[in-house]
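Okay, so here's the structure we're looking at.
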Amino acid sequence: MKVALIFPGQGAQSAGMGREFYETSLQAKAVFDAADKIIPGLTGVIFNGPPEKLTSTKYCQPAIFTFSVAALKALEAHPKFKNITPCFACGLSLGEYSALAACGTLSFEETLTLVERRSFYMEEATRLKKGAMAAVIGFDKDKLVEICRQTGAEVANFNSPEQIVITGEAGKVAKASEAIQAAGAKRVIPLEVSGAFHSSLMRPAAAKFEANLAKAPLRPPRFPVLSNVDARPEIDPEKIRRNLALQITSPVQWVDSVRAIAAAGVTMFLEIGPGTVLKGLVRKIDSNLIVHNIRTPKDIEDLPF
């Protein structure tokens, strides 16, 4: 069975996630134990919270990444994995790092070290200038891009044909939101975030992170990874490195990524990690695509192959 492995981003976290894998899979437990050596106490926060600590930048991105890889390792160790041929991997923002670990471009430890630095620099950048984000539901993409151009707001995520997230300086996002709502959007929902992710306000973070990326020993992936930046399957480590540097300030091309995988003939997706957000987005992009979530050991047992 040819499948694409997809991985969630920030916001999918919940206290207690991954505990069942830790208790039932030696491979998953090894991932959590390795994470604690890099970020002491991370597993305790993942399993026990409290929620406000889990959602803090120090823990949130590393926690989601760690759980996603632990779930993947449990899947790979299961007999059913012999029926699976991963053809592509991609992830939503942070999830791209889970995808890189999944295809062997970086080890778990190497990737977690990058994720920790990425989250630190991004949080640092949020304190330099007040930013905001808003989800736009049910509005024409071209009209939205033009309103952002006129108001100075930016696009953060092309999540589905029905959902686009805007980002940027708080005042500009507010102005764009008002104009989009007036132009007929179904809804414009301000997001509870600490800053303007995937915007030019993240340039200080991107500049610092490039030094970490330059030292990262990226290897050719076992199967292509689709970058959030251009939605193209990539196997060249240096192009992957370049795209990771751009990703922090660039819009997430999730719609085009899913369509590129479908165009290559893959119709089965495995969403590995917390939440079911990606399943909903994939189905809105193409209702013919099939998505199975891997959040618990039972999800692996229930796979229909």
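Since every read-out is calculated from the coordinates, none of them should be taken as a lab result. These numbers come from a predicted model, not from an experiment. Backbone-built Cβ (ideal geometry, glycine too); neighbour counts: all protein chains shown.
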The helix 203-215 Cα axis meets the longest alpha-carbon principal axis of the chain at an angle in degrees, between 0 and 90 and rounded to 10, of 30 degrees
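Rounded, prolate or oblate, given the Cα gyration tensor of segment 131-190, with a/c below 1.5 counting as rounded? Don't jump to the answer; show the numbers that get you there.
Values: a/c = 1.43, a/b = 1.28, b/c = 1.12.
The shape class here is rounded.
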Most packed first (mean Cβ within 10 Å per residue), the peptides 215-222, 97-104 order as 97-104, 215-222
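For segment 111-221, what is the relative contact order in percent, using Cα pairs closer than 8 Å and at least 6 residues apart in sequence? Intermediate values should be presented prior to the final figure.
Working: 182 pairs, mean separation 40.9, N = 111.
The value is 37 percent.
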Based on C-alpha coordinates, I'd like the Rg and Dmax of the chain, in Å.
18.5, 55
How far is it, in nm, from the label point at Asn48 to the one at Glu109 when both lie 7 Å from their Cα along the line to the Cβ?
2.6 nm
Apply the a/c threshold of 1.5 to the C-alpha gyration tensor of segment 1-150 and tell me whether it is rounded, prolate or oblate.
oblate
Length released on extending from Lys239 to Ala264, taking residue separation times 0.36 nm less the Cα-Cα span
6.9 nm
Contour excess over end-to-end distance, with Cα ends at Ser56 and Lys298 and 0.36 nm allotted per residue:
84.2 nm
Suppose each label sits 7 Å from its Cα in the direction of the beta carbon; what would the Glu124-Asp33 distance come out to in nanometres?
3.3 nm
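Listing Met268, Met202 from the residue with the fewest other Cβ atoms within 10 Å to the one with the most, what is the order? Each step should come with its number before you reach the end.
Working: Met268 18, Met202 25.
The fewest-first ordering by Cβ neighbours comes to Met268, Met202.
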Degrees between helix 254-263 axis and first principal axis of the chain (Cα, 0 to 90, nearest 10):
50 degrees
Just to check I understand the Karplus step: with θ = phi - 60° and J = 6.51 cos²θ - 1.76 cosθ + 1.60, what whole-Hz values come out for segment 152-158, glycine and proline as x?
x, 6, 9, 9, 9, 9, 9
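Do the sum for the chain: with -39,500 (n - 2.57) for every DSSP H run of n ≥ 4, divided by all residues, what is the mean residue ellipticity at 222 nm, to the nearest 500 deg cm²/dmol?
Values: 14 runs with 150 residues, N = 305.
Taken over the chain, the calculation gives -15000 deg cm²/dmol.
Could you tell me the relative contact order of the chain? Use alpha-carbon pairs under 8 Å, at least six residues apart, and round to a whole percent.
Numbers: 642 pairs, mean separation 72.1, N = 305.
Contact order relative to length: 24 percent.
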Mean Cα-pair separation over length for segment 131-190, i.e. relative contact order, pairs under 8 Å, 6 or more apart, %:
47 percent
